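Presented below is the structure to which this report refers.
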Amino acid sequence: RGQMFDIASNIVNSTDIYTGRFLWRYELPETEKTRALTWVHRPFSRPDDDNFLILDGRLYAVSNETCHVLDAATGRKLRTLAIPAELKSRNAKEWTEFRGADERLFSVFGNILACLNPRDGSVQWTHESAMKNLTFALGGGMAFCVDYDAPDRFGGTRKASNANLYALDSATGKEVWRGSLTVPPLPEYSVAGVQGGAVDWVAPIKPVLAYNAKHDILLSAINRAEWAAWRGADGEALWTKKIQWPAARIHHLEPPTILADYAIPHQGDYAASGNAFDIRTGEPVDLGNIVPSKRGCGRIVGNDYLLTYRDAATAIYDLEAQRILRNNAIRSGCTNAMIPAEGVLNAPNFANGCVCNYPVFASYALYHAGESPAAMPDYYALMTPRPPVRPGARQDMGAD
């Protein structure tokens, strides 16, 4: 709805994506984690799936034991949600792996997945992992879960083991199907590049789950290398593949970028060979020179039309034309490239603490001007408090 949200340390901010106008801020309690976030910018240095989410006009931001609920449009605090008593009695200590869909909140508490009512935080159902750890993904009316035993942080394993993969009905928590994943040995990996106290936030390597809605395909990845695809509805195994990656740098890898027909599981850094494959078959696909060229911190962000990422400086990749547009000398930060949404491409400057020698520190937004010069914007209209009306938008929608 025309707003961009970010957390800087313990401050939640909202910005108008069309004008860059600052809208509101909300201060969370300061914690050990937020203190680390003041100077740690590499994405692998801290967890990013237990911070905040937007659900039906409300922003939910978690801080240790408490979830703060804000009106997303104004930043006004609506309420706080505590860990439900029945979960605290089962040793739940903080909100983690925090996601939302279909008017439901989902969070992991220890090794328990809980589905909560987003209005009052009441428990709708819970599921306890049969192993030490649990991770999950949402999609297709399901909560896809993996039970696993994580090795110690930075530590390896000497022999193969198994993990449980299964799907729960997201409305009821009832099991729909179940499978098994083989977990190969994991060599110890380094902490090279992790800054000081950031080490405290490098989590143990866990399985990765990602869902593709167009083809109803669930992807699983073990140790960032052993990939498999499953049909979401019934768990039928579709294909497997192995991706090579130096184990010593395994903590650098980011979640995959899922497009309608393709998956980009990760990119080799500094011009090493990367990967892209057909999500239906697992076969390699040629997306042009995007695959070997990602260089630097951060991950690929995009959609079915363009990908944004770092190729040293920031870059935009046109998937149809297989053409790179480079914004040389500009760094948007280690945690993101640019964010395509609502018809514009936002590039917030999250480069605080970066030591790379790219001189232009700026936040900006771009949009497609079309084929005709007449499509160029009225510059002065962009400077007014109200952004230009988007094509097809109602005239009375206000400043969102």
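Remarks
- Positions within segment 314-338 being modelled with pLDDT of 80 or more and open to solvent by less than 40 Å² (accessible area, probe 1.4 Å), in sequence order: Thr314, Ala315, Ile316, Tyr317, Leu319, Ile324, Asn327, Ala329, Ile330, Met338
- For segment 74-86, the criterion of a residue being within 20 Å of Thr135 (Cα to Cα) and open to solvent by 60 Å² or more (accessible area, probe 1.4 Å) is satisfied by no position.
- Test: Pro246 is at pLDDT below 90, at negative phi and open to solvent by 10 Å² or more (accessible area, probe 1.4 Å): yes
- Looking across segment 88-103, the residues that are in a strand (DSSP E or B) and under 15 Å from Val69 (Cα atoms) come down to Phe98, Arg99, Gly100.
- 3 or more residues surrounded by fewer than 21 Cβ atoms within 10 Å (Cβ to Cβ) and free of Cβ contacts under 8 Å to residues at least 40 places away in the same chain: qualifying strands (runs of 3 or more DSSP E) within segment 104-187: 161-169
- Options Leu59, Leu78: the member that is closer than 18 Å to Arg25 by Cα, part of a strand (DSSP E or B), within 23 Å of the chain's Cα centre (by Cα) and modelled with pLDDT of 95 or more: Leu59
- Every residue from segment 50-66 that is of a type outside the set (Val, Ile, Thr) and farther than 18 Å from Asn91 by Cβ: Asn51, Phe52, Leu53, Leu55, Asp56, Gly57, Arg58, Leu59, Tyr60, Ala61, Ser63
- Contact map, segment 61-77: first residue more than 14 Å from Phe5 (Cβ to Cβ), second residue crowded, with 16+ Cβ neighbours inside 10 Å and of a type in the set (Val, Ile, Thr), Cβ cut-off under 6 Å, separation 6 or more or different chains; pairs are Glu65/Ile83.
- Pair list, Cβ < 7 Å and 6+ apart or interchain, from segment 267-283 residues that are closer than 24 Å to Thr314 by Cα and open to solvent by 40 Å² or more (accessible area, probe 1.4 Å) to residues that are at pLDDT below 90 and basic (Lys, Arg): Tyr270/Arg295; Ala271/Arg295
The values are calculated or read from the model by the stated rules, or taken from the named source; none is laboratory data. All of these numbers come straight from a predicted model, not from anything done at the bench. With ideal geometry, Cβ positions are generated from the backbone for all residues, glycine too; neighbour counts draw on all protein chains shown. Side chains included, ligands, DNA and RNA excluded: accessible areas come from the protein's heavy atoms. Shrake-Rupley method; radii C 1.70, N 1.55, O 1.52, S 1.80 Å.
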